[in-house]
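Every number here is computed from the coordinates shown, using simple stated rules; none is lab data. Since the structure is predicted, the reported quantities are computational estimates derived from the model, not experimental observations. Glycine also receives a Cβ, built like all others from the backbone with ideal geometry; neighbour counts cover every protein chain displayed.
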Amino acid sequence: MRATDEALIVIDVQNDFCPGGALAVAGGDEIVGGINALMSEFHNVVLTQDWHPIGHSSFASSHADQEPFSVTTMPYGPQVLWPDHCVQGSGGAEFHSELRTDAAQMIVRKGFNPAVDSYSAFFENDRTTPTGLEGYLRTRGVKKLTMVGLALDFCVNFSAVDGANLGFHVTVEQDLCRAIDLDGSLEGALTGMTDAGVQLNG
Ligand code: VGL
Ligand code: ZN
């Protein structure tokens with residue numbers, strides 16, 4: 001077992017990010033078995049769940065004349081517009097059916113604010129509104145985070161960089177992640193995580 005000050009953070013292993021889903025990440029389902037096995041090593045397991053209301057501002061369908069995967073400007077900065085995905089209560093928002101959700105003590109839902117997206121498990125995309133995860137981890141004495149899940153270049157990336165900037169020791173297990181890779185986003189994410197002091201394994 002890992003030390004009690006370590007937590008495994010499993011990012012957005014949901015049907016819509018797996019093959020057949022609305023925002024499918026290639027090979028997204030291939031990581032589930034390995035994540036389940038890794039959960040057995042940790043006293044502390046947190047899951048995140050992308051959780052958008054119908055008509056969320058990150059959906060291309062919510063904007064006139066905008067295609068999925070285009071970039072728009074929101075009051076808080078640039079925002080990729082996505083196909084409708086992870087709508088609250090939908091099957092696509094459910095965790096992959098084989099993910100061991102029983103092993104988690106905490107599930108953080110994010111992206112529920114209609115006007116602001118939230119890639120990171122710690123802060124919404126305005127980069128200031130907290131999800132509460134930092135307080136949860138600190139009050140439970142957690143100092144080291146291992147991150148896995150979907151997508152490596154978006155939600156895992158933002159979560160890892162924020163975690164490192166908050167002072168957690170963050171490791172990303174790349175073998176247990178898959179990327180969207182949109183216009184060089186994967187390369188940018190790997191550079192950004194390295195620069196932030198995130199340890200990239202695999
Ligand atoms: C994600 C795009 C939109 C992710 C979530 O989990 O990486 N990407 N919403
Ligand atoms: Zn989303």
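Observations, loosely collected:
- Gain upon complete extension [residue 43, residue 196; 0.36 nm per residue less C-alpha separation]: 52.5 nm
- Computed extension length for residue 67-residue 126: 19.0 nm, one decimal, from 0.36 nm per residue of separation with the Cα-Cα distance subtracted.
- Per residue, the convex hull volume that the Cα atoms of the chain enclose (Å³): 108 Å³
- Note, ³J(HN,Hα) from phi for region 63-71, Karplus 6.51, -1.76, 1.60, rounded to Hz, x at Gly and Pro: 10, 5, 6, 10, 8, x, 6, 7, 10
- Summed side-chain charge close to residue 200 - residues other than residue 200 whose Cβ falls under 11 Å, Lys, Arg +1, Asp, Glu -1: -2
- Length released on extending from residue 175 to residue 30, taking residue separation times 0.36 nm less the Cα-Cα span: 51.2 nm
- Phi angles of region 79-85 translate, via the Karplus equation with coefficients 6.51, -1.76, 1.60 and θ = phi - 60°, into HN-Hα couplings of 9, 5, 9, 10, x, 3, 7 Hz per residue; Gly and Pro are given as x.
- Beta bridges by DSSP in region 59-202, antiparallel share as percent, to the nearest 5: 35 percent
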